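The structure appears right after this line, and notes come after that.
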Amino acid sequence: MKQIQPISIWDAGQNKQADILNAFAVNVTLGISATFYYTISNEQEQLAQGNLTMSGDDYAEWSNNDNYAWDWIATQLNLTITGDYVPPVVERIVSEVTPESEPIIPTDNNLE
């Protein structure tokens, strides 16, 4: 996934901001073409989707450089990639275990 310069997308009667591009190849004919499925979204929802087919010189260039596909897709969609997308980290609170809170494990000595 890639972070993109925010764009406005009309969705269900509202203007919403999207800033994430995701794409992957869904159909590749070796040496000829590749079809990519893409989504444009924000943190909460997917706002647009579709397919793009790359062929000819573009396909030949992609075979040598994976980043070329991202740039090609962004160009086709008139988007500007600003960097790799890094999902937010959900913080988890971990309580500290103290000797008093450790469970008692049954042994022959404490079964009585």
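The values are calculated or read from the model by the stated rules, or taken from the named source; none is laboratory data. Note that this is a predicted model, so its numbers are computed, not measured. Every residue, glycine among them, receives a Cβ derived from its backbone with ideal geometry; neighbour counts consider all protein chains shown. For accessibility, only protein heavy atoms count, side chains too; no ligands or nucleic acids. Shrake-Rupley method; radii C 1.70, N 1.55, O 1.52, S 1.80 Å.
So in region 1-36, with the set limited to residues that are of a type in the set (A, V, I, L, M) and closer than 19 Å to residue 57 by Cα, which one is least open to solvent (accessible area, probe 1.4 Å)? First the steps, then the outcome.
Of region 1-36, the ones of a type in the set (A, V, I, L, M) are 1, 4, 7, 9, 12, 18, 20-21, 23, 25-26, 28, 30, 32, 34.
After this cut, where a residue has to be closer than 19 Å to residue 57 by Cα as well, the list is 25, 28, 30, 32, 34.
Working: 25: 46, 28: 63, 30: 150, 32: 102, 34: 0 Å².
Going through the qualifying residues, I end up with 34.
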* Please go through region 47-70 and pick out each residue that is open to solvent by 70 Å² or more (accessible area, probe 1.4 Å) and either at pLDDT 95 or above or β-branched (Val, Ile, Thr) (or both). => 49, 51, 53
* Just checking, how many residues over region 26-65 are part of a strand (DSSP E or B) and in contact with a helix residue (DSSP H, G or I) (Cβ under 8 Å, 6 or more places away or on another chain)? -> 6
* Check whether at least one residue in region 4-22 is touching a residue at least 40 places away in the same chain (Cβ under 8 Å) and over 14 Å from the mean Cα position of the chain (by Cα), and report yes or no. => yes
